[in-house]
Amino acid sequence: MRPTSELRMPLQVGVMTSQSMLRAFVNIGLALVILVLGMTAFLSMGEDGSSIPRLVMPLPEALLPFSVFALLAGVVAVPVLAGLGIVHLWRVLKNPPTDMVLGPAGIRVVGQGCAYRWEEVVTAGCEVVVTEELALTLGNVLRRAHNSIQDVGGDGSLEQSESERHEETPVVVGRFMLPLVDGDVVSLARAEDPIEVESLEALCRTVKAVDRTPGLDTGPQGGAGARILACPECSAAVGPQDEDSVTCAHCGARVAMPEALRDMIRATHRGAAERAGTEQAVRDLVRQPGAETTRRLVLAATGLLAVAWAVSVSAMAASWRLDALTLPGLALVLGSPFAFTWGVYYLVRAHLVSRGALRLVSLRFGARPPDREGEPHGCRNCGAPLAAGPADVLVRCLYCGMDSVLTFDLRRDFPSGGEVPMDLGEVFAQRREERKQHFVRAGTTLAAWAMGSLGAGIAIVWGLATR
């Protein structure tokens, strides 16, 4: 059964995009540091002391071998690191955060600008393809270069080449693949984090179940051995209410409501105040900004980091030209933007915590949708009808005690009883703890950046005063 209204949930949360942003500026920053060290090493080998900037004057002659090594390392590492940085910047633009919208007409991917009608896709054939790829790091690039040299060099002995090969570090990549009726297959999302890959698999199962009607358990037995009230005429599950009798939504017969079940309903309503915080958290989660806002945030953070690095490079170049750059000043000028890069990255990750939680809640905690209009939603765990009011978002099952969210009307596979889903309160507790950790790390690194920038300014002023 296809959705009767649009359901929007995060597809590409943005973790990989933020990691690409971090790796881009770390690689470019390392390339810059090595380049400056190489230039310093070159100048330190000059014989005319009057032409040597004060930056390298404190270097003793004993460091000459190191200077030669720094030059050689710079020749190899600088272009590789700069290239890796550019590739990661391209990934920031190529893999933006996206949302998947499942609606009556089909599937839309917000952030990629693509849409597919249900008639154009083969929902049963969608899958998450997991492969191992080489991590885009300096170490892997150098290992690949070394292995290539070994393959073509030496005496041509394959055994010798194999024994001297360096193992390259792989990374697990999951891709959400959606087949089309015309035979083409499109990739809707890509993830490297294991939790992200698992979440894509859960979302894939949701899409595959779109054309199937799971149906509520209509027999008298519920999950975990619970006894579900059933209509004596048609044996369908009956939605519990705090009334003497209710009407069966299937056959219209009146079903007496046991007093014990009515007591459970009253007890659940009395405990609703205790769950008010969790219910409000669910409402806030649903109202959070989507992929467009997250993409603008990542692009703004990328631009901010580019400006920070440009300012640091400009300050270094100007103080170098004025012969006011000292070794402590160089360390502070080039070190502080690294701290700023990590701080901005942690702030972006703190924002992405909510997007990850939304996808987790929508895929694991959504109530079972009714098979027919007018019927109650079913418990996500045991399938029993839920006693929900018109304004309720979070409803606790009277039979198994599990909380279900009514906001997400998903058609998907449900647990068969062997797996007990995580408590919803634990999800929000973990979310709060994760966000707290990101904010603490952001505060620490941004404080280090502020102190480093202040120290760099003092070092430059001191260099100007004592040149």
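The values are calculated or read from the model by the stated rules, or taken from the named source; none is laboratory data. A quick note: this is a predicted structure, and the numbers were derived from the prediction, not measured. Here Cβ is always computed from backbone atoms with ideal geometry, including for glycine, and neighbour counts include all displayed protein chains. What goes into the accessible areas is simple: the full protein's heavy atoms, side chains included, and nothing from ligands, DNA or RNA. Shrake-Rupley method; radii C 1.70, N 1.55, O 1.52, S 1.80 Å.
Of the residues ASP211, ASP217, only one is out of contact with any Pro (no Cβ under 9 Å at 6 or more places or on another chain), surrounded by 15 or more Cβ atoms within 10 Å (Cβ to Cβ) and at pLDDT below 75; which?
From the options ASP211, ASP217, the qualifying one is ASP217.
Confirm whether VAL171 is in a strand (DSSP E or B), farther than 30 Å from SER18 by Cα and at pLDDT 75 or above.
On the way: in a strand (DSSP E or B): yes; farther than 30 Å from SER18 by Cα: no; at pLDDT 75 or above: yes.
Criteria not met by VAL171.
In region 371-380, what residues are in contact with a Pro (Cβ under 9 Å, 6 or more places away or on another chain), under 21 Å from SER235 (Cβ atoms) and either among the basic types (Lys, Arg) or modelled with pLDDT of 75 or more (or both)? If you could, list the steps in order and put the result at the bottom.
Just the residues of region 371-380 that are in contact with a Pro (Cβ under 9 Å, 6 or more places away or on another chain), to begin with: 371, 375-380.
From the residues that got through so far, the ones that are under 21 Å from SER235 (Cβ atoms) too are 371, 375-379.
Scanning region 371-380 gives PRO376, HIS377, GLY378, CYS379.
Answer with yes or no whether SER362 is within 30 Å of LEU424 (Cβ to Cβ), open to solvent by less than 10 Å² (accessible area, probe 1.4 Å) and among the small types (Gly, Ala, Ser).
yes
Can you confirm whether ALA350 is modelled with pLDDT of 90 or more, part of a helix (DSSP H, G or I), open to solvent by 10 Å² or more (accessible area, probe 1.4 Å) and at negative phi?
Here the answer is no, as ALA350 does not meet what is asked.
Here is a yes/no grid of residues against (1) in contact (Cβ under 8 Å) with a residue 40 or more places away in the chain; (2) open to solvent by less than 10 Å² (accessible area, probe 1.4 Å); (3) over 30 Å from SER199 (Cβ atoms):
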{"site": "LEU304", "(1), (2), (3)": "yes, no, no"}
{"site": "SER314", "(1), (2), (3)": "no, no, yes"}
{"site": "VAL333", "(1), (2), (3)": "yes, yes, yes"}
{"site": "LEU358", "(1), (2), (3)": "yes, no, no"}
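If we scan region 319-327, do we find a residue that is under 31 Å from the mean Cα position of the chain (by Cα), in contact (Cβ under 8 Å) with a residue 60 or more places away in the chain and surrounded by 21 or more Cβ atoms within 10 Å (Cβ to Cβ)?
no
Please indicate, with yes or no, whether at least one residue in region 51-69 is modelled with pLDDT of 55 or more, closer than 30 Å to GLY106 by Cα, open to solvent by 40 Å² or more (accessible area, probe 1.4 Å) and not β-branched (Val, Ile, Thr).
No, that holds for no residue.
What's the total number of residues in region 440-467 that are open to solvent by less than 90 Å² (accessible area, probe 1.4 Å) and within 18 Å of LEU325 (Cα to Cα)?
Selection size over region 440-467: 11.
Looking at region 93-125 only, could you name the residues that are part of a strand (DSSP E or B), charged (D, E, K, R) and touching a residue at least 12 places away in the same chain (Cβ under 8 Å)?
So the first thing to find is which residues in region 93-125 are part of a strand (DSSP E or B), and the list is 98-102, 106-110, 114-117, 121.
Still in the running and charged (D, E, K, R): 99, 108, 117.
Result: ASP99, ARG117.
Across region 103-118, what is the total count of residues that are among the hydrophobic types (A, V, I, L, M, F, W, C), more than 15 Å from GLN12 (Cα to Cα) and in contact with a helix residue (DSSP H, G or I) (Cβ under 8 Å, 6 or more places away or on another chain)?
Residues in region 103-118 being among the hydrophobic types (A, V, I, L, M, F, W, C), more than 15 Å from GLN12 (Cα to Cα) and in contact with a helix residue (DSSP H, G or I) (Cβ under 8 Å, 6 or more places away or on another chain): 1 in total.
Considering only residues that are open to solvent by less than 60 Å² (accessible area, probe 1.4 Å) and without any contact (Cβ under 8 Å) to a residue 24 or more places away in the chain, look in region 245-261 and name the one that is farthest from PRO370 (Cα to Cα).
Restricting to residues being open to solvent by less than 60 Å² (accessible area, probe 1.4 Å) and without any contact (Cβ under 8 Å) to a residue 24 or more places away in the chain, the top hit is SER245.
Evaluate region 151-168: report whether one residue or more is polar (S, T, N, Q), at pLDDT 55 or above and either open to solvent by less than 60 Å² (accessible area, probe 1.4 Å) or in contact with a Leu (Cβ under 7 Å, 6 or more places away or on another chain) (or both). I'd like the intermediate steps shown before the answer.
Keep residues of region 151-168 that are polar (S, T, N, Q), which gives 157, 160-161, 163.
Now drop any that are not at pLDDT 55 or above, which leaves none.
Within region 151-168, not a single residue is polar (S, T, N, Q), at pLDDT 55 or above and either open to solvent by less than 60 Å² (accessible area, probe 1.4 Å) or in contact with a Leu (Cβ under 7 Å, 6 or more places away or on another chain) (or both).
So which residues in region 1-46 are modelled with pLDDT of 80 or more and among the polar types (S, T, N, Q)?
GLN12, THR17, SER18, GLN19, SER20, ASN27
Is it true that some residue in region 79-95 is under 30 Å from ASN27 (Cα atoms), at pLDDT 85 or above and in contact with a Gly (Cβ under 7 Å, 6 or more places away or on another chain)?
Looking through region 79-95, none of the residues is under 30 Å from ASN27 (Cα atoms), at pLDDT 85 or above and in contact with a Gly (Cβ under 7 Å, 6 or more places away or on another chain).
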